[in-house]
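Values in this text are rule-based calculations from the coordinates and carry no lab data. Here the structure is a predicted model, which is why all the values come from computation and not from measurement. Methodologically, a virtual Cβ is constructed for each residue, glycine included, from the backbone with ideal geometry; neighbour enumeration extends over all protein chains shown.
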Amino acid sequence: MEASGRRYRSVAPQPASGRNRSSIHSLGTDLLCAIFSRLDLFVLVRCSVVCKSWNNVIYQSSLMRDLYYKKNPRIRSSSDISIPLETSMKIYLEELAMEQHRLALTSGSAEVHQWTGHPVRVNICRMKRGVILTGVGDKVLRLWSAESCKYLDEYSLPDMNPLVDCDFDESKIVGMTSAQLCIWRRRGQRSIFQLREAIFQHGLCMRYVDPEAVIGCDDGRARIFDMYSGSCSRIIRMHSGPVTCLATDDQLILGGSTFGSVTLADLSSGERLGFLKSSFSPTGMKSMCFNPHSFLLFAGSTAGYAHCWDLRTLRPLWEVRASSNVIYATQHLSSDTSTLVVGGLDGVLRILNQSTGEIISSLVVNASLKDNKEVVEKKASVLSGVSFVESIPRCLRPPITCLAVGMRKVVTTHNEKFVRVWRFHE
C-alpha cells in the first residue's frame with residue numbers, strides 16, 4: 001500500500017491551490033491498471049469509452065484478457081477461441097463476450113424481473129445499449145433501464161391512432177400508427193414531429209435504421225421513408241398479400257408474408273433478388289431476424305415452426321417445430337452466431353442453436369420469490385423433454401408477443417400491462 005501511495009503522489013502531486021485540482025488524466029498507467037483490474041469485464045469496457053487515455057490503457061495491455069480468464073477459468077480450457085497475433089484486442093473481446101453470452105443463455109439458469117409498465121396492455125419491446133422501449137397497444141411509449149428496471153421517460157400520441165410498431169436509437173424514438181410515422185427527440189425540445197408526407201394505408205410492421213424507416217403494408221408493398229425529409233423515397237413490391245414482418249441490413253430488405261414466403265430485395269434499387277419458401281404449407285410468417293455475420297435468416301411462423309435459410313444459397317438450412325402454436329418473436333444478439341431466442345403463444349421462452357435449430361432449453365416463470373414493491377423477482381424453470389406445456393398454468397406462461405435480446409438478458413412483453421426481463425447466469 002505504501003508503494004502504491006508513493007506512486008500516486010509522484011504521478012499526481014497535490015495541487016497548491018484548490019483551483020488547480022488534478023484530473024483523471026494525471027493518473028499513471030500502473031495505478032489505472034491496478035484500479036481497472038478490480039472491475040468486472042463489461043464495466044471495464046464501459047470505462048474504455050470515458051476518454052482516449054483510458055481506452056489506450058485498457059486495450060494496449062493484456063488487462064482485459066487476463067481479467068476475463070481470472071474470472072472465467074473454465075473458458076480458457078474449453079473455449080475454441082484462438083488468439084492470432086494480428087487479431088485486434090477489440091475483436092478478441094467481442095468473441096469473448098459472445099462466448100460468455102452463449103454460456104449464460106444455454107445454462108438454463110435465469111431470474112425474471114417483472115414490473116407493471118403500462119396502464120393498458122402492450123405488446124412490443126425493443127432494447128439497445130441498456131435501455132428498454134415498451135409500448136404499442138396504447139398511445140404511450142416508455143423507456144426503462146435494463147439494469148434497474150426503473151422508469152426513464154415516456155412519449156405519447158394524444159390525438160392520433162394507437163401505435164402499431166416502434167423503434168429507437170440514441171437520439172430519437174420512431175413510432176408508427178397504421179397510417180403515419182412520428183418521431184420524438186430523446187434530448188432537447190420535447191415535442192412530437194409528425195412526418196406529414198409519411199402517410200400510407202394499413203401499415204403492419206416497421207424496421208428503422210437511421211436515416212430510413214421501412215414500412216410493411218397490407219397491400220404487399222414495402223415503403224421506404226427518409227426520416228429527415230419525411231418523403232417516401234422508394235416503394236418496393238414484395239408480395240401479392242400483406243407484408244407481415246420485416247428484416248433489413250445495409251443492402252437488403254427481407255419481407256415475410258401470410259403465405260409462408262419471404263422476398264429478398266435490394267434496398268437501394270428495389271430489385272427483387274430472391275424468393276424463399278417454407279417446406280411446410282400453409283404457414284404464415286410472423287417474425288424475422290437476419291444475422292449479417294453468418295448470412296442466415298431466421299423466422300417464426302403461425303404453425304409453430306422456426307425456420308432458417310442460408311442467403312448465400314437461398315436454401316433452407318433447417319426447419320424445426322419449436323412450438324405447438326404461433327411463434328410471434330425471433331431474435332438474437334447482433335454479433336451472436338450461436339443462439340437464437342424464440343417465443344410465442346404458448347408462453348415458453350426457447351433458446352435454439354442457430355446452426356442446427358436444436359432446442360437447447362425451454363423456460364417458463366416459476367413462483368414469485370420476492371416482492372420489491374414495484375419489481376417482482378421470479379425464478380425461471382427449465383422444462384425437461386418430457387414436460388407437457390399444457391399442464392403448466394397459463395398465469396406462469398402468458399403469450400410472448402415480442403422479445404428483445406441483450407447481453408445475457410432477454411426482455412419480453414405479453415399483451416399484458418407488465419414487462420419482464422430474464423437475466424441469465426453461467
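Here are the numbers:
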{"item": "FRET efficiency, Tyr59 to Arg312 (Cβ-Cβ, R0 35 Å, nearest 0.05)", "result": "0.60"}
{"item": "Count of lysine pairs in segment 106-425 with Cα separation under 13 Å (8 or more residues apart, or interchain)", "result": "5"}
{"item": "Karplus 3J(HN,Hα) series, Hz, for segment 50-61 with 6.51 cos²θ - 1.76 cosθ + 1.60 (x for Gly, Pro)", "result": "5, 7, 5, 5, 5, 4, 5, 4, 6, 8, 9, 10"}
{"item": "For segment 135-149, Karplus couplings with θ = phi - 60° (6.51, -1.76, 1.60), whole Hz, Gly/Pro x", "result": "x, 6, x, 10, 10, 10, 10, 10, 9, 9, 7, 6, 8, 9, 6"}
{"item": "Given charges at Cβ of Lys, Arg, Asp, Glu: segment 282-425 dipole, positive-most of Ile327, Ser287, Ser381", "result": "Ser381"}
{"item": "Calculated FRET value between Asp153 and Thr116, using beta carbons and R₀ = 22 Å, to 0.05", "result": "0.85"}
{"item": "Residue-by-residue Karplus 3J(HN,Hα) for segment 94-106, coefficients 6.51, -1.76, 1.60, Hz, glycine and proline x", "result": "5, 5, 5, 5, 5, 5, 5, 4, 4, 4, 5, 5, 8"}
{"item": "Protection-proxy order for peptides 217-228, 245-256, 263-274, each taking the mean of Cβ atoms within 10 Å per residue, highest first", "result": "245-256, 217-228, 263-274"}
{"item": "Amide proton proximity set for Gly203, modelled H, under 5 Å, gap of 5+", "result": "Ala179"}
{"item": "Linear extension gain, Arg187 paired with Ser334, 0.36 nm per residue minus alpha-carbon span", "result": "50.4 nm"}
{"item": "Rough spin-label spacing in nm, given labels placed 7 Å along Cα→Cβ, for Phe388 and Ile91", "result": "5.2 nm"}
{"item": "Full-stretch length increase - Glu170, Asn325 - with 0.36 nm per residue and alpha-carbon distance subtracted", "result": "52.2 nm"}
{"item": "Glu271 versus Met160: modelled label distance in nm, points set 7 Å from Cα along the beta carbon direction", "result": "3.5 nm"}
{"item": "Amide hydrogen neighbours beyond the local backbone of Ile124, cut-off 5 Å, H modeled", "result": "Gly135"}
{"item": "Length added when fully stretched, Ala367-Ala34, from 0.36 nm per residue minus Cα-Cα", "result": "115.6 nm"}
{"item": "Amide hydrogen neighbours beyond the local backbone of Leu317, cut-off 5 Å, H modeled", "result": "Cys308, Trp309, Asp310"}
{"item": "Summed side-chain charge close to Pro211 - residues other than Pro211 whose Cβ falls under 14 Å, Lys, Arg +1, Asp, Glu -1", "result": "-4"}
{"item": "Virtual spin-label span in nm between Phe295 and Ser279, 7 Å along Cα→Cβ", "result": "2.1 nm"}
{"item": "R0 of 22 Å, Cβ-Cβ distance Ser229-Asp249: FRET efficiency to nearest 0.05", "result": "0.50"}
